[in-house]
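Q: Can you read through this structure? Questions will come right after.
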Amino acid sequence: MTIAHSEDVLKALMLLSLDGDEAAYRRLLTTLRVLLVGYYTRRMGAATKADMEDLVQETLLSLHSRRATYDRDRPFTAWFFSIARYKLIDHHRSRGGRRLAETELGEELESGFSEEALTARLDVERLLDGLTPRQQELIRQVKLEGQSIADTADRVGQSESAVKVSIHRALKALGERMRGGS
């Protein structure tokens, strides 16, 4: 996780903004915009750029209107991403995706959402951002969600061999990136 996106930095920016530091608030919003674009991109698939931008704006407006309710003793990222998650659920519902929204909400409630889990998730997502969209999809399905190579190959319309090769190359690229090779 980059320092600019760490829980400590984001929480410090939020606390400074609550104390009236406008520059900290602008920096917080700029950083959160980047995080939201990544968060929503991974969850919205074929959404239009306009839909994505609307959702990001709605979430930032919601943050602004609710920031006085933030408990300074609690993790900021958990509080913020719960707002983002509910905005995404509202988006799916408004487009007739009630079942998808209910599924996502149920998964989040069952997961026992924690700061450590969020931090790990952000780390993984940031690593995956360096891969092609296809590689990201394959890594998520096979390595993170535990789906079989055969099922994934069927779903994405590739041979099992092609899926294995893509995953191997993606993991190799991630390894190089973690070692500072790219």
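Q: Could you rank 163, 124, 34, 156 by how accessible they are, 1.4 Å probe, largest area first?
A: On the way: 163 0, 124 55, 34 90, 156 25 Å².
Ranking 163, 124, 34, 156 by accessible area, largest first, yields 34, 124, 156, 163.
Q: Using θ = phi - 60° and the Karplus relation 6.51 cos²θ - 1.76 cosθ + 1.60, list the HN-Hα couplings for region 142-152 in order, rounded to whole Hz, with x at every Gly or Pro.
A: Residue by residue, region 142-152 yields 8, 8, 9, 9, x, 6, 6, 4, 4, 5, 5 Hz.
Q: So if I take the centroid of the Cα atoms in region 137-165 and the same for region 75-96, what is the distance between those two points in Å?
A: 28 Å
Q: Evaluate the distance, in nm, between pseudo-label points positioned 7 Å from the Cα of residue 178 and of residue 68 along their respective Cα→Cβ axes.
A: 4.6 nm
Q: So, one more: With every protein chain present, what is the per residue accessible area of region 130-182 (1.4 Å probe, Å²)? Walk me through the intermediate numbers first.
A: Working: 3380 Å² over 53 residues.
Value for region 130-182: 64 Å² per residue.
Q: Is the C-alpha gyration tensor of region 130-182 telling us rounded, prolate or oblate? Criteria: a/c under 1.5 is rounded; beyond that, a/b larger than b/c is prolate, otherwise oblate.
A: Numbers: a/c = 2.44, a/b = 2.08, b/c = 1.17.
Prolate.
The values are calculated or read from the model by the stated rules, or taken from the named source; none is laboratory data. Quick caveat: nothing in here was measured; it's all calculated off a predicted structure. Heads up, the Cβs are rebuilt from the backbone with ideal geometry, glycines too, and the neighbour counts pull from every protein chain shown. To get the accessible areas, we keep the full protein, side chains included, count just its heavy atoms, and leave off ligands, DNA and RNA. Shrake-Rupley method; radii C 1.70, N 1.55, O 1.52, S 1.80 Å.
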